[in-house]
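Readers should treat all values here as calculations from the given coordinates under stated rules, not as data from a laboratory. Just so we're clear, the structure is a prediction, and the values are computed from it rather than from any experiment. Cβ placement follows ideal geometry from the backbone for every residue including glycine, while neighbour counts extend to all protein chains displayed.
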Amino acid sequence: MNVLNESIIKARLSKLLKTRKMGKSIYVFNELDSTQDYANSLPKNESFHGTIVIARKQNIGKGRMGRNWISPEGGLWMSIILIPDFSADNIIFTQFIGALAVADAIFENTKICCKLMWPNDVLINEKKVCGILIDVHVENETKKIVMGIGLNANIASSLINDYLTSHDLKATTIKEEYGNEVDLLFLVKSILERIEYYYDNFISCGNTSEIIDRWKEKSDMLGKKATVHDGNQMIVGHIFDIDQTGALLMKLSDTSIKKITYYDNVTLH
Ligand code: BTN
């Protein structure tokens, strides 16, 4: 992707994609403050299900919990618009769909097996290679989800790790783990195809257990000790399951159970 201009990227990607809806409307930029902000602010008549916004680099990339997201050239910085035809309670499952799709896409392109960490981080060798950000807009009957995917692909991890605090999970990149650069357009193709696969399955069977089971298979969080940061309070316990609403379940030392949701800040020990 690095040597091509925006319109060539759009044309190549459109040709590659074998999806029905994902990526049928594409915005590509050399540089943007944030693909997430751009997709969030697209008006309704340009926010189709499957619309994607990609930037080669972002100046003010956004992470979860109001954090910055370092987004130099060489990474895959993309936001995808989903117009869900399911209830607002199930929106949480799009985070699992995003993480599963990225893990599958990395495997397809490199044969590397990733692990998933709550709520939607993708890890290689216990370091973070991708983070996913979900923004939700609900207006009367209309819902719009923007799924931001930040995938450290063809960059040096030092570009990111230099900015992290000692509490943050260390970052890695595909280039370092794979030993080679990957074609970003093939990655985009695989991610969009896998998102469409999981999303359509979810819609057609209407139950969440397949996605939860797949997520559990790829996660090694179950059984681990974790801390939830709740304001000034720190709650420590052991993760033991995910419930049917998509919440993580943690058993505390007094045997009570704490539900952890997407908006909670949790770290593993
Ligand atoms: C996280 O904190 O783990 C989520 C990071 C999400 C970053 C992506 S990069 C593409 C999109 N645009 C943004 O500004 N953020 C998301």
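Annotations for the structure displayed:
- Modelled label positions at residue 44 and residue 235, each set 7 Å beyond Cα in the direction of Cβ, lie 3.8 nm from each other.
- Computed from label points 7 Å out along Cα-Cβ, the spacing between residue 167 and residue 140 is 4.2 nm.
- Summary: within the chain, the longest segment free of GluC sites (Glu not before Pro) located in DSSP loops with at most 12 other C-beta atoms within 10 Å is 142-269.
- About the Cα centre, charge dipole magnitude for the range 205-269 (Lys/Arg +1, Asp/Glu -1 at Cβ), debye: 140
- For the range 195-211, 3J(HN,Hα) computed residue by residue from phi via the Karplus equation (6.51, -1.76, 1.60; θ = phi - 60°) reads 4, 4, 4, 5, 5, 5, 4, 4, 5, 6, 8, x, 10, 8, 5, 4, 5 Hz, glycine and proline entered as x.
- The charge dipole of the range 146-269, taken about the Cα centre with unit charges on the Cβ atoms of Lys, Arg (+1) and Asp, Glu (-1), comes to about 300 debye, rounded to the nearest 20.
- Förster radius 51 Å - calculated FRET efficiency between residue 222 and residue 59, Cβ distance, rounded to 0.05: 0.85
- Point-to-point label distance, residue 269-residue 126, nm (Cα→Cβ direction, 7 Å offset): 1.5
- Choice from 236, 102, 146 with maximal GNM fluctuation in the chain (Cα, 10 Å cutoff): 236
- Checking every one of the chymotrypsin sites (Phe, Trp or Tyr not before Pro) in the range 216-269 against DSSP loop status and a limit of 15 other Cβ atoms within 10 Å picks out 263.
- Among 236, 110, 76 - extreme Cα towards positive end, dipole of the chain, charges at beta-carbon: 110
- Other residues with beta-carbon under 12 Å from the beta-carbon of residue 41 carry, at +1 per Lys or Arg and -1 per Asp or Glu, a net charge of -2.
- Length gained on full extension, residue 210 to residue 252: 12.4 nm, using 0.36 nm per residue less the C-alpha separation.
- Result for the chain in a Gaussian network model with C-alpha springs under 10 Å: among 37, 121, 168, the largest mean-square fluctuation is at 168.
- Extreme residue, positive dipole direction of the range 178-249, given options 203, 190, 178 (C-beta unit charges): 178
- What you get for the range 1-97, charging only the Cβ of Lys and Arg (+1) and of Asp and Glu (-1), is a dipole of about 360 debye around the Cα centre.
- Angle of helix 6-16 to the longest C-alpha principal axis of the chain, folded into 0 to 90 degrees and rounded to 10: 70°.
- Annotation for the range 195-269 versus the range 1-51: alpha-carbon center distance of 31 Å.
- A DSSP coil position with no more than 16 other Cβ atoms inside 10 Å describes the following trypsin sites (Lys or Arg not before Pro) in the range 81-189: 111, 170.
- Mean ellipticity per residue at 222 nm, deg cm²/dmol - from DSSP H runs of n ≥ 4 across the chain, formula -39500 (n - 2.57): -8500 deg cm²/dmol
- Beta bridges per DSSP with both ends in the chain, % antiparallel, nearest 5: 85
- Backbone geometry of the range 64-74 corresponds, through the Karplus equation with coefficients 6.51, -1.76 and 1.60 at θ = phi - 60°, to 3J(HN,Hα) couplings of 5, 6, x, 7, 7, 10, 6, 9, x, 4, x Hz, x marking Gly and Pro.
- Gaussian network model of the chain, Cα within-10 Å springs - most flexible of 23, 237, 206: 206
- The relative contact order of the range 78-234, computed from alpha carbon pairs under 8 Å that lie at least 6 residues apart in sequence, is 27 percent.
- Of the trypsin sites (Lys or Arg not before Pro) found in the range 14-48, those that fall in a DSSP loop while having at most 14 other beta-carbon atoms within 10 Å are 18, 20.
- Value in Å of the Kirkwood radius, where the range 121-269 supplies the Cα pairs that are averaged: 17.8
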